[in-house]
1. Scan region 1-58 for residues that are at pLDDT 80 or above, part of a loop (DSSP other than H, G, I, E, B) and either of a type in the set (Gly, Ala, Ser) or on the phi > 0 side of the Ramachandran plot (or both) and jot them down.
2. State all residues of region 49-82 that are small (Gly, Ala, Ser) and either under 16 Å from Gly37 (Cα atoms) or surrounded by 10 or more Cβ atoms within 10 Å (Cβ to Cβ) (or both); if no residue qualifies, say none.
3. Can you say whether Gly62 is small (Gly, Ala, Ser) and within 18 Å of the chain's Cα centre (by Cα), as far as the supplied structure shows?
4. Find the residue count for region 17-45, including only residues that are loosely packed, with under 10 Cβ neighbours inside 10 Å, more than 20 Å from the chain's Cα centre (by Cα) and of a type in the set (A, V, I, L, M, F, W, C).
5. Go through region 65-97 and give me each residue that's in a loop (DSSP other than H, G, I, E, B) and either more than 18 Å from the chain's Cα centre (by Cα) or more than 22 Å from Glu40 (Cβ to Cβ) (or both).
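The values are calculated or read from the model by the stated rules, or taken from the named source; none is laboratory data. Keep in mind it's a predicted model, so treat the numbers as computed, not measured. Heads up, the Cβs are rebuilt from the backbone with ideal geometry, glycines too, and the neighbour counts pull from every protein chain shown.
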Amino acid sequence: MPERKRKLKIVLIHIVLLPTVLFVFYFFTLAPKPWTGVDEAVVEKIAKEHGREARKPLIDPGEGDLLLFAFLVAGAVGGFAAGYYWRKLVGEKKDKG
């Protein structure tokens, strides 16, 4: 009997998740144009209004999402380190003596 309940839960989860994932994928493919970032939509617009043009960045990450990937990796490394040392970070201090 427990095996049957487990299978039923798995089937119900799939019945809910599959249409949800398909809907989300479909919804985000309906976008008429690619979204612009804050730099293009706000900062460059205001800079042009005040007579200043955009310059090349000091550290150029190149095309694509390389900078986003670097932040993702740094966050993952920090998260793993915080998780590994969690007890030392937030644990109660032991009084010696």
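1. Result: Gly51, single match.
2. Initial filter on region 49-82 (small (Gly, Ala, Ser)): 51, 54, 62, 64, 70, 74-76, 78-79, 81-82.
Listed by number, the residues that qualify are Ala54, Gly62, Gly64, Ala70, Ala74, Gly75, Ala76, Gly78, Gly79, Ala81, Ala82.
3. Details: small (Gly, Ala, Ser): yes; within 18 Å of the chain's Cα centre (by Cα): no.
Considered against the rule, which asks whether it is small (Gly, Ala, Ser) and within 18 Å of the chain's Cα centre (by Cα), Gly62 comes out as no.
4. The number of residues fulfilling the criteria is 1.
5. Hits for region 65-97 are Tyr85, Gly91, Glu92, Lys93, Lys94, Asp95, Lys96, Gly97.
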